1. Counting only protein heavy atoms, what percent of the accessible surface of the chain is carbon or sulfur at a 1.4 Å probe?
2. Whole-Hz Karplus ³J(HN,Hα) for segment 365-376, in order, using 6.51 cos²θ - 1.76 cosθ + 1.60 and θ = phi - 60°, x for Gly and Pro?
3. T278's amide H: which non-local residues (gap 5+, or another chain) put their own amide H closer than 5 Å, with H modeled 1.01 Å from N in plane and none for Pro or chain starts?
4. Tell me which residues come under 5 Å, amide H to amide H, from S112 once H is placed; ignore anything under 5 positions away on its chain.
5. Checking the a/c ratio against 1.5 first, then a/b against b/c, what shape does the Cα gyration tensor give for segment 366-468?
6. If you average the sequence gap of Cα pairs under 8 Å that are 6 or more apart and divide by the length of the chain, what percent do you get for the contact order?
7. Quick check on segment 122-365: of the DSSP beta bridges with both residues there, what percent are antiparallel, nearest 5%?
8. Once both labels are modelled 7 Å past Cα along the beta-carbon direction, what's the A9-D364 spacing in nm?
Amino acid sequence: MTIEIPARALDVDLLVRELGNWRTSSRSGPAYRGLADAIRLLIVDGRVPVGARLPSERALADVLRVSRTTVTAAYTQLREDGYLIARRGARSTTALPTAPAARPETIPPAVSLAAAALSAPAASVMEAFVEATHDVTPYLHGPGHELVGVTALRQAIAKRYCERGLLTEPDEIMVTTGALHAIGLILTTYVQPGDRVLVEQPTYHGALSSITTAGARPVPVAMTDTGWDLDAVQSAVHQLSPSLAYLIPDNQNPTGLTMPAADRKRLARIISETRTRTVIDETILDMWLDEPVPGPIAAEMTSRRDLVLTVGSMSKSFWGGLRVGWIRAERATIATIAALRPSVDMGTAVLEQCAAARLLARHDDVLPERRAILRSRRAHLQNLLSQHLHDWQPGPGVGGMSLWVRLPAPMSTALSAAASRLGLDLPAGPRFGVDGTLERFVRVPYALPEEQLSEAVELLARAWHSVTGLSAPEPTTVVV
């Protein structure tokens, strides 16, 4: 059975705000072409979702204070270029031109920019596992099925939330086998096939995969260059009534942006007023590099706290190989998920949970060093991009483990294919969005050691110049 999802109508005022000073691009040509180019870039960048209904020609002309003929000509140009689909008796909907996908010959990657994750703090992890071999002894006398998690770890996680201003009891925690497992359990519990899940654009590609695997449809709300457009979030929730929202307010993956405290309060009000169950992904919470992140979104909820489910993980803070995550939610919510969990699994490995509890107890010793490593590697990557790819524009986000970079032209997929041919694994920008947008962006992690980062950027520059047809320039010396 095909489930028909109504096309989302774009608010004319929000569209005009996104267009900005579009007239600058029309100074050397007709106004309609400048308007068409501006709308096309919004679609390509994912700022306007694919499948959305544009405002009527008359409405857009009135707000822009241009002739209706200009808007009509711009829409006609977009249709001819494949960025709009005309629908009889209805407004045109946004689209991306279809073209046969290239299948380039590739070689095994020598360097990978696919993962934004550090290697383990080996000494601390090994020490934690040695201690965990003693902590696990009491559990050896039972079956080892800890459906909600071992007590020591749930206490340690709850303590950290309390320290951040969110009073939490251990029975408000469920331990999972990583953050993606936590997201999957929430989707299994609260989402049915065909349901809509509101997401940021761009966002974590693993969450997008989990949403589509659950049979749900991710519906994007574009982020601005500086953060979250909460007007657009509120408008999308009212129009689409999503069953769930998924947001990353801390060191957002892939942009590195963090939601300000005032916006967190407003987001909490939107969640309460619209009664939208929301997953807050705090996986990269600890990877702030310049300023600590504000308090948890759940702490801002003055009512309906049951609507917020907070997901955390050991992967970015300590080590991805540990495979320990969690859900923080109200007791009734944890009980509901626990009732369905046996259909998925019977709990997370006990030894790893004991080791995680030991690591959390020494987080003040481990995390400052990891932040220092990331600061140094971030600076190194910024310097490399200035030397080899000076026309690329890293975004303003400064947290997390990667830069979200705007390319001079929408060629991210071609760049990814060219990089693969050179032995560099680099996901294309559209992987972090919905419906193939974000071709003008690429995520470049800085988690690798500096020597590997240097090699990766050299390959990246070669790939870029191969797809643009330009010869690689001599590196520019940059003093930092």
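1. Details: 10970 of 21030 Å².
Of all accessible area on the chain, carbon and sulfur atoms account for 52 percent.
2. 8, 8, 5, x, 5, 5, 5, 5, 4, 5, 4, 5
3. Counting only residues 5 or more places away or on other chains, the set is A245, V308, L309.
4. D425
5. Details: a/c = 1.85, a/b = 1.45, b/c = 1.28.
The shape class here is prolate.
6. After rounding, I find 19 percent.
7. Values: 8 of 24 bridges.
Once the DSSP bridges in segment 122-365 are tallied, antiparallel ones form about 35 percent.
8. Simple spin-label model gives 5.6 nm for this pair.
The values are calculated or read from the model by the stated rules, or taken from the named source; none is laboratory data. Just so we're clear, the structure is a prediction, and the values are computed from it rather than from any experiment. All Cβ positions, even for glycine, are placed from backbone atoms using ideal geometry, and neighbour counts span all protein chains on display. Just so you know, the surface numbers come from the protein's heavy atoms only, side chains and all, with ligands and any DNA or RNA stripped out. Shrake-Rupley method; radii C 1.70, N 1.55, O 1.52, S 1.80 Å.
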